[in-house]
Amino acid sequence: MADKKEVYTYDAAWPTYAMNWSNRPDKRFRLAIGSFIEEHNNKIDIVQLDEETNSFVSRTKFDHPFPPTKIMWVPDKTGSKEDLLATTGDSLRLWRVEKNNAVKPVCCLSNGKTNEFGAPLTSFDWNETDPNIIGTSSVDTTCTIWNIETRQVKTQLIAHDKEVYDIAFAQATDQVLASAGADGSVRMFDLRTLEHSTVIYESPDLVPVLRLGTFLFHLSLLRG
């Protein structure tokens, strides 16, 4: 059997931070990569593996205001949905990728009273059960649940005593989510009963919790 290359490298033109793999079956090995440049003008590069040359090639680059704190492709394992990309930074932004790989802005959503004065967003999660729902986390201690079809806020909750660093929906539901924050706790919320939350983890020395991910109702943690 001929040797098959298993490690692929792509050298970006700038420092990188946020990135995400596309899960569309018709867009194999496609990766969106965000720059981390300490100024307003930043970039997102969409690269894809060329399986004939066994190398990553850039399909398109586009401008992004400020470094994106997170990037996600729309959950779409069948390839039947509109080819969308979401990013957070100063706002939640949706982008459409055309068949010719041109990227068009769809909307810009802010959790403030105006798009100009929303608090910076640290992260977000795209709900797999209902892809019309995206939840964002913010330095202003809140989590905001958006309906991206109507571009309206479904609900906004004060999630922590300090900055909220991450948010994640539980699998197989659009109602249960968890958040992680600078107060050293991970809290679980049920959007049907927002009168209270459940603290499911708390750092004994109040070390901030930076990231979390869900698998059913089990959480994996990355502590600061």
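Quick look at the values:
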| quantity | calculated |
| --- | --- |
| Every pair of residues 6+ apart whose Cβ atoms lie under 9 Å, when the first sits in the stretch 154-172 and is within 20 Å of P68 (Cα to Cα) and without any contact (Cβ under 8 Å) to a residue 40 or more places away in the chain while the second is part of a loop (DSSP other than H, G, I, E, B) and of a type in the set (V, I, T) | none |
| Matching residues in the stretch 169-187 - criterion: being under 23 Å from N132 (Cα atoms), part of a strand (DSSP E or B) and among the aliphatic types (A, V, I, L, M) | V176, L177, A178, A180 |
| Strands (runs of 3 or more DSSP E) wholly inside the stretch 1-57 that include at least 1 residues being farther than 21 Å from V97 by Cβ and among the aliphatic types (A, V, I, L, M) | none |
| Selected residue (criterion: farthest from the chain's Cα centre (by Cα)) from residues of the stretch 151-176 that are surrounded by 14 or more Cβ atoms within 10 Å (Cβ to Cβ) and basic (K, R) | K162 |
| The lone exception for L31 - which of (1) under 24 Å from G213 (Cβ atoms); (2) over 18 Å from the mean Cα position of the chain (by Cα) it fails | (2) |
| Residues satisfying the stated conditions in the stretch 80-101, i.e. over 17 Å from the mean Cα position of the chain (by Cα) and of a type outside the set (D, E) | S80, K81, K99, N100, N101 |
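Read-outs: derived from the displayed coordinates by stated rules, not from any lab. This one's a predicted model, so the numbers in the text were calculated from it and none came from an experiment. For neighbour counting, all protein chains shown are included, and Cβ atoms are generated from backbone atoms with ideal geometry for every residue, glycine included.
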